[in-house]
1. Can you name the residue in region 18-31 that is at pLDDT below 85 and either of a type in the set (Val, Ile, Thr) or surrounded by fewer than 12 Cβ atoms within 10 Å (Cβ to Cβ) (or both) and is also nearest to the chain's Cα centre (by Cα) among such residues?
2. Criterion first (touching a residue at least 12 places away in the same chain (Cβ under 8 Å) and assigned to a loop (DSSP other than H, G, I, E, B)) does residue 59 satisfy it?
3. I'd like the residue in region 49-64 that is surrounded by 12 or more Cβ atoms within 10 Å (Cβ to Cβ) and of a type in the set (A, V, I, L, M, F, W, C) and, out of all such residues, is farthest from residue 39 (Cα to Cα).
Amino acid sequence: YFPLFSFQHLIYSSNHLNSTAVWALLDTLSQELQALVEHPNGTKTNPATTCKELLLAHPSLPDGTW
């Protein structure tokens, strides 16, 4: 949890809204949220924690060594 005032210096510089910083922050948050809700696909970038998790997320995948 980060209080809003900890981001104020990024968003407001010299009492002006820094829209570039706001959009960059929103983009980062969007990517992190997307990673939390995506189903694992067994790749290195989006691994499953167990074989059962991979099976539940993708029941049509063929059997194999994962």
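1. Checking each candidate, the answer is 22.
2. In short, no.
3. Result: 61.
The values are calculated or read from the model by the stated rules, or taken from the named source; none is laboratory data. Predicted model only: the values in this text are computed from it and were never measured. Virtual Cβ from ideal backbone geometry, glycine too; neighbours counted across all protein chains shown.
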